[in-house]
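Right, one structure below, let's go through it.
What follows is calculated from the coordinates using simple rules that are stated; it is not laboratory data. Everything quoted here is computed from the prediction, not taken from an experiment. Because the Cβ atoms are built from the backbone with ideal geometry, glycine has one as well, and the counts that use them run over all protein chains shown.
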Amino acid sequence: MIQNFGSDTQKKIFLEKMINGTWGGTMDLTEPGAGSDVGALTTTAEKNPDGTYTITGNKIFITGGEQDLTENIIHPVLARIKGAPEGAKGISLFIVPKYWVNEDGSLGEFNDIVCTGIEKKMGISGSATCSLTFGGQGKCRGLLLGEEHKGMRVMFQMMNEARILVGSIGAISASAAYLYAVNYARDRYQGRDLEKIFETDAPQVPIIHHPDVRRMLLKMKAYVEGMRSLQYFGYYCIEKEKIGKDDKEKSYYKGLLDLLTPIMKSYCTDRGFEVCSEALQVFGGYGYTREYPVEQLLRDVRIASIYEGTNGIQAMDLLARKLPMKEGAIFLNLMGEIEKTINMARSFTVLTGLADRLKKAVDKLGLLTGHMGKTAMSADLKVAFAHASPYLETIGDVIMGWMLLWRATVAEPKLQEILEKQPGKERETIIQKNKNAAFYQGQLNSADYFIKSVLPITLGKMEAIMENCSAVVDIPEESFGG
Ligand SMILES: Cc1cc2nc3c(=O)[nH]c(=O)nc-3n(C[C@H](O)[C@H](O)[C@H](O)COP(=O)(O)OP(=O)(O)OC[C@H]3O[C@@H](n4cnc5c(N)ncnc54)[C@H](O)[C@@H]3O)c2cc1C
């Protein structure tokens, strides 16, 4: 933010030390009465004769808000300049250092920012999350970053990046949990092979032999790989937005990234939690204890669906702001990208069936998206928003199918290449002995599993959304009980 919106002096005194880690940084939006509703914040800023602003207010849940690992902490604080309009439009952004930074870069006096409490959390215990009071003694100063009342525009640059990063936390946690689970399933011996179940002297087998455990593992593996590729595609869009050959190409990838951001954030964090939970299941009772690392991953990843804009807020952003971008042209671009993979897959005999199934889901997603748009513009607006999260799930599922099919189109010829180099040898034997062959085979299995076992459920979810069931809106608040 400082790099893109700061003054020359701000860049000179803050950038180097923040980038090289001498000083830490935070983001300070949340207040007790202003969580998702950032516009309701009450922190104030008052201009001083020297051009600085006096900051007064309380923030909560601030990650890295107080720590002694770095010699200074630079807080970007959202506040309202006295007399500014109400709501998000009247918010400005300020650089508020823990210790004041003089114009020559040297540290000045303590800037009256006090940690008033440390949140006791369910997970991420290594992350200092705390409440901060700015200007309790009336001595906290800040520097305006960007223009007055345009703080949200600046903050969104950091928030969009953070949303993508939080999505990665979901994907990475899932990946770690899966690897723990698969290794455990190879080592833990319980039960007998299903085909030898009546042979009392049959030996115990590793649980990875059991179909139900394999089902859990393959489900986790498919999500992990699909999410990893979605993340890579998102980061590819970031690169292309910067280095595209012309403005048209840059804007094409910026559009895709804007559309994908709420999906990367929500879908990957919700699936991340589910995969961690499934991994814990593979460990049985041991997974529920602190002796194994999966329960920690499960607790740690849970926050990712909440911070950086809850997943519910992301789904609303997708429906209200992202789908209508350029009259739906960006959504069509995404559909076009998926179709490219479907056509590519059709050139491999083994993948045509999967390509056809994905095409069916893509077509239905197109219809569903039109339906959501119409409902959101009608008197049934609330019904549309009641389905925003389920809609995000379905688009995420289709993207998983796309990514897994894409991976399969890369894996199939590579696998064939390896097999052809060893004529006469059994495919199974080659796969057992060659790690690359096993990996490529695994990609085909992930795509096969997901497209045949999960995507049909997605089609059902799409049907359900199109029913426009209004129960969520209709139920009287009294009838919730409680
Ligand atoms: C560990 C941790 C670290 C954090 N780090 C930071 C940080 O560094 N900086 C920072 O500024 N904040 C931080 N936060 C705060 C976090 O961003 C907020 O908790 C989050 O934005 C949600 O706000 P809230 O907790 O007030 O929930 P609320 O806004 O009260 O939301 C409660 C529920 O209502 C839903 N809801 C709210 N409004 C609407 C609406 N209009 N339409 C539909 N549904 C709605 C939400 O989706 C949610 O399910 C952190 C929080 C935690 C727990």
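Tell me the angle of helix 329-345 to the major Cα principal axis of the chain, expressed in degrees between 0 and 90 and rounded to the nearest ten.
So the inclination is approximately 30 degrees.
Count the lysine pairs in the stretch 365-482 whose Cα atoms lie under 30 Å apart, taking only pairs 8 or more positions apart in sequence or on different chains.
The number of close lysine pairs in the stretch 365-482 is 15.
Kindly rank 209-218, 274-283, 397-406, 351-360 from highest to lowest mean number of other beta carbons found within 10 Å of each residue.
Numbers: 209-218: 15.8, 274-283: 22.9, 397-406: 24.9, 351-360: 18.3.
Top to bottom by mean Cβ count within 10 Å: 397-406, 274-283, 351-360, 209-218.
Specify, per residue and in Å³, the volume enclosed by the convex hull of the alpha carbon atoms belonging to the stretch 108-257.
210 Å³
Just from its helices, what would the mean residue ellipticity at 222 nm be for the chain, if runs of 4 or more DSSP H residues each count -39500 (n - 2.57) and the sum is divided by every residue, rounded to the nearest 500 deg cm²/dmol?
Details: 15 runs with 249 residues, N = 482.
So the helix-based figure for the chain works out to -17000 deg cm²/dmol.
Given the stretch 363-420, report the % of alpha carbon pairs whose separation exceeds 14 Å.
Numbers: 1089 of 1653 pairs.
So the pairs more than 14 Å apart make up 66 percent of the total in the stretch 363-420.
Provide the packing ranking of 432-442, 148-158, i.e. peptides ordered by the mean count of other C-beta atoms within 10 Å per residue, highest first.
On the way: 432-442: 15.4, 148-158: 18.4.
Ranked from most to least packed, the peptides come out as 148-158, 432-442.
Can you give me the Cα centroid spacing of the stretch 1-20 and the stretch 236-275 in angstrom?
When both Cα centres are located, 26 Å separates them.
Per q in 0.26, 0.32 1/Å, what log10 I(q)/I(0) does a Debye calculation on the alpha-carbon atoms of the stretch 400-453 return?
-0.93, -1.18
Consider just the alpha-carbon atoms of the stretch 187-265 and return their Rg together with their Dmax, both in angstrom.
Spelled out, the Cα radius of gyration and Dmax of the stretch 187-265 are 22.7, 71 Å.
Angle check, please: helix 388-420 long axis (alpha carbons) against the longest principal axis of the chain (alpha carbons), in degrees 0 to 90, nearest 10.
Here the helix axis deviates by roughly 50 degrees.
Give the Rg (one decimal place) followed by the Dmax (whole number) of the stretch 212-347, computed from C-alpha coordinates and expressed in Å.
That works out to 18.0, 56 Å for Rg and Dmax.
Please compute, for the alpha-carbon atoms of the stretch 1-104, the extent along each of the three principal axes and give them in descending order in Å.
Computed over the Cα atoms, the extents are 36, 31, 22 Å.
Would you please name the trypsin sites (Lys or Arg not before Pro) within the stretch 47-92 that are DSSP coil residues with at most 12 other C-beta atoms within 10 Å of their C-beta? Working shown, then result.
Values: sites: LYS47, LYS59, ARG80, LYS82, LYS89; in loops: LYS82.
Answer by residue number: LYS82.
Would you mind estimating how fast the stretch 301-401 diffuses translationally, via Stokes-Einstein at 10 °C and 1.306 mPa s with the Kirkwood radius over Cα pairs, in µm²/s? If you can, show how the numbers build up before the last one.
Numbers: Rh = 14.8 Å.
The calculation lands on 107 µm²/s.
Using mean Cβ contacts within 10 Å as the protection proxy, how do 321-333, 448-460 order, highest first? Let's see the in-between values first.
Working: 321-333: 15.1, 448-460: 17.4.
Final packing ranking: 448-460, 321-333.
Starting from the stretch 383-474, pick out the GluC sites (Glu not before Pro) whose DSSP state is loop and whose Cβ has at most 13 other Cβ atoms within 10 Å.
Qualifying residues, ordered by number: GLU426, GLU467.
Could you name the aspartates and glutamates in cross-link range of LYS121, using Cα to Cα under 14 Å and dropping any fewer than eight places away on the same chain?
Those aspartates and glutamates meeting the cut-off are ASP300.
Given the Cα atoms of the stretch 339-482, and with Rh set as the inverse mean 1/r over their pairs in the Kirkwood sense, what is Rg to Rh to two decimals?
Details: Rg = 20.7 Å, Rh = 17.5 Å.
So for the stretch 339-482, dividing Rg by the Kirkwood Rh gives 1.18.
Between the stretch 425-453 and the stretch 138-194, how many Å separate their Cα centres?
If you average the Cα positions of each part, the centres end up 30 Å apart.
Give the Rg/Rh ratio for the stretch 64-134, taking Rg as the radius of gyration of the Cα atoms and Rh as the Kirkwood radius, to two decimals. If you can, show how the numbers build up before the last one.
Numbers: Rg = 14.7 Å, Rh = 14.2 Å.
Answer for the stretch 64-134: 1.04.
Which angle between 0 and 90 degrees, to the nearest 10, do you get for helix 151-187 versus the longest principal axis of the chain when only C-alpha atoms count?
Approximately 30 degrees, to the nearest 10.
Where does the Debye-calculated log10 I(q)/I(0) of the chain sit at q = 0.07 Å⁻¹, using only Cα point scatterers of equal weight, no solvent?
Ignoring solvent entirely, the Cα scatterers give -0.47.
Counting other C-beta atoms within 10 Å, and keeping those with at most 13, which DSSP coil GluC sites (Glu not before Pro) do you find in the stretch 41-116? Don't skip to the end; give the middle numbers.
Values: sites: GLU46, GLU66, GLU71, GLU86, GLU103, GLU109; in loops: GLU66, GLU71, GLU86, GLU103.
Sites meeting the loop and neighbour criteria: GLU71, GLU86, GLU103.
With just the Cα atoms defining each centre, how far is the stretch 379-405 from the stretch 36-102? Give it in Å.
Their Cα centres are 36 Å away from one another.
In whole Å, what are the Cα extents of the stretch 424-463 along the three principal axes, biggest one first?
Over the stretch 424-463, Cα extents along the principal axes are 48, 17, 10 Å.
Determine how many Å³ per residue the convex hull of the Cα atoms of the stretch 111-180 encloses.
On the way: hull volume 8.6 nm³, N = 70.
Once divided by residue count, the hull of the stretch 111-180 is 122 Å³.
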